[in-house]
Amino acid sequence: MKKAKLVLFVIVGAFLAAWVASPVPAANAEETLKFYCSNQVYKAFGQEQVEAFSHAANIKVDVKTASSGSCLNALMNGYCDIAATARAMYRRHRDYGFLQVPLCRDPIAVIISDKCGVDNLTEDQLQNIFSGEVKNWKQVGGPDLAITVIVPSKNTAANKNFRRQVMKHKDIEHDFMAHDSTMAIAAVAHFPCGAVSFISQGAAAHDKGLKVVRINGKSPADKDYPYFQTFYYVTRAEPSDAVKKFLDFSFTDEAKKLIKKYGMVPLGK
């Protein structure tokens, strides 16, 4: 029986909040920075970094969160000054004069309930679970429990990166689809222990009750862990002074400490 492809609205309030401007106040701020941020980046460390920057630089930051593609489109259409994405921009963005700055390397974490008795999967087992060939945790050494596959929406960087790196471009068979990438975390926590999904390691690190599965014996903390995303900032070719200050702050020791705190590796300067 073909699995239903339903859009899972895990928390309606969270969905609405994602599209409402979330200004981070700075006392007597003279400048305002308009920032569209990938859902994964924002949950992983972006919110904390924005707050730290706003207070340090006395610059107000108006934040909206969306998929990486939507963030790039917002930048191209002049709705923001800077965008954060969980994937590289396309050639057309470079042709239009936009610049991307690699910020950090983020492991793609496979997440399950911490009540599920599975600690490690091989790459083949992982592919078989997300292709629908393996339907019960008993088939991979776990309890006799049906597997519920939850995936972020197809237009998210999380989905695209997972399909390319883990599935080698094979189709994913899922039971539920979350509207945005970070809703997959809430969905796994909400369902019984049979649920499985994938997300940024940095984003997953904020939630208790979840277990990150080892792949071929490797943890996301291991240097040779096989799956990762790169988070980027994207700006216009000639960024404003506020954007320059934000980029400079992003490579300070204070900002890098936030990135390392949640299991990611800083890049760049």
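The numbers here are math on the coordinates, done by the rules we state, and not lab data. Nothing here was measured: the structure is a model prediction, and the numbers come from that model. Positions of Cβ are generated from backbone atoms using ideal geometry, with glycine treated the same way; all protein chains shown enter the neighbour counts.
Observations on the structure shown:
- Per-residue [θ]222 nm for the chain (sum of -39500 (n - 2.57) over DSSP H runs n ≥ 4, rounded to 500): -8000 deg cm²/dmol
- Remark on the chain: Cys37, Cys71, Cys80, Cys104 stand apart, with no other cysteine beta carbon under 4.7 Å.
- Residue exposure sequence - Leu258, Leu103 - by fewest surrounding Cβ within 10 Å: Leu258, Leu103
- At q = 0.20, 0.21, 0.29 Å⁻¹, base-10 log of I(q)/I(0) for the stretch 145-189 (Debye sum, equal scatterers on each alpha carbon): -0.61, -0.67, -1.10
- The stretch 120-240 - share of DSSP beta bridges that are antiparallel (%, nearest 5): 20 percent
- Across the stretch 221-269, Cα-Cα pairs more than 17 Å apart make up 45 percent of the total.
- DSSP beta bridge pairing in the chain, given as percent antiparallel to the nearest 5: 55 percent
- Per residue, the convex hull spanned by the Cα atoms of the stretch 163-267 amounts to 159 cubic angstrom.
- Rg and Dmax [Cα atoms of the stretch 50-96; Å; Rg one decimal, Dmax integer]: 12.4, 35
- Sorted by Cβ neighbour density within 10 Å, fewest at the top, the residues Thr65, Thr235, Thr156, Thr32: Thr32, Thr235, Thr65, Thr156
- For the chain, averaging the sequence separation of C-alpha pairs within contact (under 8 Å, six or more residues apart) and dividing by the residue count gives a relative contact order of 29 percent.
- Nearby lysines by direct alpha-carbon distance to Lys64 (threshold 21 angstrom, same-chain neighbours under 8 apart not counted): Lys34, Lys43, Lys154, Lys244, Lys245
- Among Pro107, Pro143, Pro152, residue whose mean-square fluctuation peaks in a GNM of the chain (springs only between Cα atoms under 10 Å): Pro143
- Put in line by how crowded their Cβ is, counting other Cβ atoms within 10 Å and starting with the fewest, Thr148, Thr182 read Thr148, Thr182.
- Spherically averaged projected area of the chain from its Cα convex hull (nm²): 14.1 nm²
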